[in-house]
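The values are calculated or read from the model by the stated rules, or taken from the named source; none is laboratory data. What you are looking at is a predicted structure, and each value in this text was computed from that prediction instead of being measured. Cβ atoms come from the backbone with ideal geometry, glycine included; neighbour counts cover every protein chain shown.
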Amino acid sequence: MNNIDKLARHMGVSIGELARRIDMQPHTLRRYARNESQPKPDLALKLASVFGCDPSEVLGFTTSENIPLSRIPLYGSAEAGLGSDITNMDRAIDHVGRPSFLLSASSAYAVYVIGESMEPRFRSGEIVYVDPAVPIRGGADVIVQMADEDKLTAIVKEYSRANDDAIILKQYNPEKKITIEKFRVTSIHLIRGIYMA
């Protein structure tokens with residue numbers, strides 16, 4: 001019995017989105033997630049790369065029962081050519097300790113801040129903690145996830161407002177408004193806290 005569904009829920013990603021990230025048909029991956037079939041090692045390796053775990057955990061050979069409670073996925077590899085403050089969200093690069101204010105947030109995750117566009121509020125290399133379940137409001141610090149060609153990317157900005165066609169964000173350095181068309185945005189999640197080394 002594999003752990004695909006459990007790992008996807010822990011990461012806060014749907015099976016359809018997970019299938020997109022590994023270039024697979026959603027209905028096929030759903031069969032594996034329902035344990036109607038056991039994934040082959042090459043599929044387990046792809047999924048493990050996205051989940052940031054060992055392939056044996058995807059296959060159900062080992063379980064890390066402490067990970068859902070004490071660790072959350074960390075994203076943050078900057079991608080050359082994407083922009084100075086854009087983060088690749090296609091796979092977790094590590095898992096970090098879950099802060100106490102996210103103990104009940106099953107889909108929480110963390111992101112390295114990339115670039116200087118949000119200084120002095122956030123500095124490059126700091127880790128922000130995100131809770132997708134909390135509603136956002138104007139003036140909130142957010143992670144905006146976007147589908148860019150074949151990648152899932154994200155930026156750290158301040159949420160201003162939305163209209164029928166776009167979301168409007170603010171950055172601090174240099175100070176300016178940023179407009180992103182809604183069709184590009186896959187999600188907007190609230191930043192609940194920050195880790196400063």
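Total residues in the range 14-23 satisfying the condition of being hydrophobic (A, V, I, L, M, F, W, C) and touching a residue at least 24 places away in the same chain (Cβ under 8 Å): the figure is 2. On the stretch given as the range 123-176, residues that are outside any loop (DSSP other than H, G, I, E, B) and either outside the structural domain of THR87 (by TED's automatic domain parsing) or exposed (fewer than 11 other Cβ atoms within 10 Å of the Cβ) (or both) total 2.
In the range 171-192, the residues that are under 20 Å from ARG123 (Cα atoms) reach residues that are of a type in the set (Phe, Trp, Tyr) and exposed (fewer than 15 other Cβ atoms within 10 Å of the Cβ) with C-beta atoms within less than 9 angstrom, at least six apart or across chains, in these pairs: ARG192/PHE101. Contact map, the range 159-170: residues that are under 16 Å from PHE183 (Cα atoms) paired with residues that are acidic (Asp, Glu) and buried (at least 16 other Cβ atoms within 10 Å of the Cβ), Cβ distance under 8 Å, separation 6+ or inter-chain. Pairs shown: LEU169/GLU158. In the range 62-112, the residue that is modelled with the lowest pLDDT out of those that are aliphatic (A, V, I, L, M) and farther than 18 Å from LEU152 by Cβ is ILE67.
Scanning the range 24-60 for residues that are touching a residue at least 12 places away in the same chain (Cβ under 8 Å) and acidic (Asp, Glu) turns up just one, GLU57.
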